[in-house]
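> Attaching a single structure in structure tokens format; questions to follow.
Laboratory data are not the source of any read-out in this text; all were calculated from the coordinates shown. The model shown is predicted, which means the values in this text are computed figures rather than measured ones. All Cβ positions, even for glycine, are placed from backbone atoms using ideal geometry, and neighbour counts span all protein chains on display.
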Ligand code: PMP
């Protein structure tokens with residue numbers, strides 16, 4: 001029988017634990033580099049000006065109410081999200097073989113995809129994750145009963161991609177495995193394959209008949225260019241893969257708490273593709289109904305207004321460049337300061353890496369000293385959120401890193 005007493009305490013979520021410790025630290029010069037959200041140069045949350053505009057328009061719209069959305073979400077949102085991720089002239093859209101549901105942000109999309117594969121894949125495939133990956137991937141896919149494998153990703157020596165290791169592991173995975181790929185701005189390393197490397201990954205995946213599962217949480221936020229950040233996904237679609245995509249609008253719209261995202265399933269081309277796609281959509285709708293019934297409206301309304309209005313869309317692109325540009329400036333600034341100080345080691349990886357996060361190469365011991373002595377908060381694996389750096393704390397952080405590395 002079930003008894004409450006038999007339930008052991010779960011460990012605290014490491015990232016949320018870190019945030020709490022930071023909040024409770026009274027030091028004035030404390031620095032939060034754990035944070036997975038964009039901050040402006042004053043370390044404050046930033047509401048994108050275009051989001052503010054769309055938000056105001058929604059408030060003033062007398063036709064809106066608080067009714068349920070349909071199971072699949074707001075149709076004008078999912079249609080626009082689809083175009084954004086595969087490209088508006090994608091053969092997948094033209095041939096009606098992509099189906100899309102609005103989800104509880106990227107997390108909900110990853111979960112829906114995992115649940116779908118676990119239920120409908122004929123032989124419960126193994127799902128391969130990069131090592132390391134976003135920690136939540138392990139929990140989400142384990143919870144839906146998929147067996148997990150790993151492929152090497154990060155080279156400690158070069159602080160770049162372990163491309164040979166990655167390719168070999170993908171090659172060695174049982175045929176028909178699911179391979180989870182970060183579309184851009186890999187979390188936690190900030191290391192992405194080049195376009196040439198993506199092509200080789202696609203070649204091996206085709207040989208092995210693997211199924212690509214893209215997780216795209218940073219489109220437009222990584223390079224500032226929406227198309228460039230979705231290049232890998234669009235290349236795989238062009239190469240006629242059957243695949244799925246979890247798409248988050250948390251970072252690129254700053255809609256974190258509004259839980260805005262989408263799940264897309266692209267069926268391989270063929271005479272029956274649009275039929276198959278309709279079947280998949282119908283099954284996804286059943287899963288969605290039992291899990292969340294229907295997704296939340298607010299964030300999707302905001303994103304939809306921006307995505308579907310050419311003038312607002314342009315403003316959004318400018319806002320994306322503001323965020324990605326500031327982050328790139330912080331990367332340059334940090335590298336420059338460390339090199340100027342002659343801090344031991346090479347720091348080129350700080351500017352080679354891309355997106356919100358950087359794998360610094362700092363050890364767990366060094367991270368601890370940074371926290372205890374310098375009030376700098378980051379995850380144990382040496383990952384820093386570039387968004388936590390700004391013109392006011394960059395010198396201080398460089399001094400702190402220099403002191404723990406020596
Ligand atoms: N995947 C990855 C790789 C991420 O980094 C994130 C954000 N931390 C997500 C998915 C999902 O985030 P959200 O649910 O907030 O959209």
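> Please go through (1) surrounded by fewer than 18 Cβ atoms within 10 Å (Cβ to Cβ); (2) closer than 25 Å to residue 155 by Cβ for residue 353 and return the number of the only condition it doesn't satisfy.
That leaves (1) as the condition not met.
> Being under 21 Å from residue 36 (Cα atoms), in a helix (DSSP H, G or I), touching a residue at least 12 places away in the same chain (Cβ under 8 Å) and within 24 Å of the chain's Cα centre (by Cα) is the requirement here; does residue 379 meet it?
Criteria not met by residue 379.
> Would you point out the residue of segment 56-113, among those that are within 15 Å of the ligand (Cβ to nearest atom) and over 21 Å from residue 180 (Cα atoms), that is nearest to the chain's Cα centre (by Cα)?
Filtering first and then ranking leaves 77.
> Another question about this same structure. Name the residues in segment 303-314 that are over 13 Å from residue 252 (Cβ atoms) and part of a helix (DSSP H, G or I), would you?
Matches in segment 303-314: 304, 305, 310, 311, 312, 314.
> Count, please, the residues in segment 1-50 that happen to be more than 16 Å from the ligand (Cβ to nearest atom), under 26 Å from residue 395 (Cα atoms) and not in a loop (DSSP other than H, G, I, E, B).
Residues that pass the stated criteria total 6.
> Further, regarding this structure: Any idea which of 268, 281 is within 19 Å of residue 78 (Cα to Cα) and either assigned to a helix (DSSP H, G or I) or out of contact with any strand residue (DSSP E or B) (no Cβ under 8 Å at 6 or more places or on another chain) (or both)?
So the residue among 268, 281 that is within 19 Å of residue 78 (Cα to Cα) and either assigned to a helix (DSSP H, G or I) or out of contact with any strand residue (DSSP E or B) (no Cβ under 8 Å at 6 or more places or on another chain) (or both) is 281.
> Which of the residues that make up segment 333-363 are away from the ligand (no atom under 16 Å from the Cβ), assigned to a loop (DSSP other than H, G, I, E, B) and touching a helix residue (DSSP H, G or I) at 6+ places or on another chain (Cβ under 8 Å)?
Passing the criteria: 343, 344, 345, 347, 360, 361, 362.
> A follow-up question, please. Against the condition away from the ligand (no atom under 16 Å from the Cβ) and surrounded by fewer than 22 Cβ atoms within 10 Å (Cβ to Cβ), how does residue 280 come out, does it pass?
Yes.
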